[in-house]
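This report refers to the structure that appears directly beneath it.
The values are calculated or read from the model by the stated rules, or taken from the named source; none is laboratory data. Keep in mind that this is a model prediction, so the values were computed, not measured. Cβ coordinates were reconstructed from backbone atoms using ideal geometry, including for glycine residues, and neighbour counts include every protein chain displayed.
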Amino acid sequence: MYKSLLVETENSTCIITINRPDKLNALNKEVIDELSQAIGEVYKDDSIKSAIITGAGQKSFVAGADISEFLQLDASQGEALARRGQELVFDKIENSPKPIVAAVNGFALGGGCELALACHFIIASENAKFGQPEVNLGLIPGYGGTQRLTQAVGKGRAMQLIMTGEMINADDAAQYGVVNKVVKQEELLNTVKQVLQVIHTKAPLAITKVIESINNFDHTQQGYDFEMKKFGECFATEDLKEGVSAFLEKRKPDFKGR
Ligand code: COA
């Protein structure tokens, strides 16, 4: 039924594994469409009480949006890409009436970091790495990163992480408040399953109201709209074409500020 996901349900928890390990589980259009469908099932299926999102393999959770889809986009298509992903997947995860937890098993970069941040909380393995490296490509985060990372770590740390594009390890991410717990990779899925089993014992409608109430904290739409517009404007710059071309050609970019 799915081409880029593995989906199974165990003890009322739906485990959604993004399965493109040769591309470090990058989010292409197919992954976005299938994630939307799988999360829709989590919403609809009364036998499912929670979900886990993780990545296939031992190296990467998700290494970002699929960069190979970027070169052909103009500004309005760039904005549409961000809006589509936000509406179909990221907002749907954040606003899910059932808990959705990120089990971050490796690189969580760009859209991967944003995907983890859209989940209700994050548990990571010791080898996990978090970062928003979009500026290396002449881009900014477009799946909510400027908003959700700022909420998670505060303005100064979000500014530094997004402007430098630096990666932080799992322990630093825990210290920043991004990650709730760091465990050995072989214990990651079981740890998340156990936390969800505890939540399954609580009143489901109360859990839904907890999610709604926490999400309502300091939540404004204009920040997301502004980001999507600015994300789209990046596609009108020469530096985006240069950054993406340099990545794909495996060379250092030569940015001109145009
Ligand atoms: N989009 C598309 N393809 C990606 C990708 C992405 N975001 N991230 C990795 N890949 C692909 C690589 O192109 C490579 O494909 P290939 O084998 O066909 O050449 C494969 O995944 C393995 O990646 P590689 O770069 O060889 O692994 P590495 O261990 O040397 O480096 C990273 C790992 C994560 C540091 C590096 O892949 C990277 O910087 N990825 C991009 C991260 C990023 O900028 N994300 C934000 C996008 S907006």
Counting only residues that are away from the ligand (no atom under 16 Å from the Cβ), closer than 11 Å to residue 178 by Cα and not in a helix (DSSP H, G or I), the range 122-160 contains a total of 3
In the range 175-258, which helices (runs of 4 or more DSSP H) lie fully inside it and hold 3 or more residues that are modelled with pLDDT of 95 or more and surrounded by 11 or more Cβ atoms within 10 Å (Cβ to Cβ)? 188-200, 238-248
Check on residue 39, within 26 Å of residue 129 (Cα to Cα), in contact with a Ser or Thr (Cβ under 8 Å, 6 or more places away or on another chain) and among the aliphatic types (A, V, I, L, M): yes
If we take the range 13-121, then strands (runs of 3 or more DSSP E) inside it with 1 or more residues that are of a type in the set (Ser, Thr, Tyr), within 24 Å of residue 190 (Cα to Cα) and within 15 Å of the chain's Cα centre (by Cα) are 13-18, 50-55, 60-62
Boolean, residue 94 is modelled with pLDDT of 95 or more, crowded, with 18+ Cβ neighbours inside 10 Å and touching a helix residue (DSSP H, G or I) at 6+ places or on another chain (Cβ under 6 Å): yes
Subset of the range 60-113 (residues that are in contact with a Gly (Cβ under 6 Å, 6 or more places away or on another chain), within 8 Å of the ligand (Cβ to nearest atom) and in contact (Cβ under 8 Å) with a residue 60 or more places away in the chain): 64, 65, 111, 112
Among the candidates 177, 243, 154, which residue alone is touching a residue at least 12 places away in the same chain (Cβ under 8 Å) and either farther than 20 Å from residue 126 by Cβ or of a type in the set (D, E, K, R) (or both)? 243
Picking from 178, 210, which residue would you name as being under 18 Å from residue 143 (Cβ atoms) and of a type outside the set (Asp, Glu)? 178
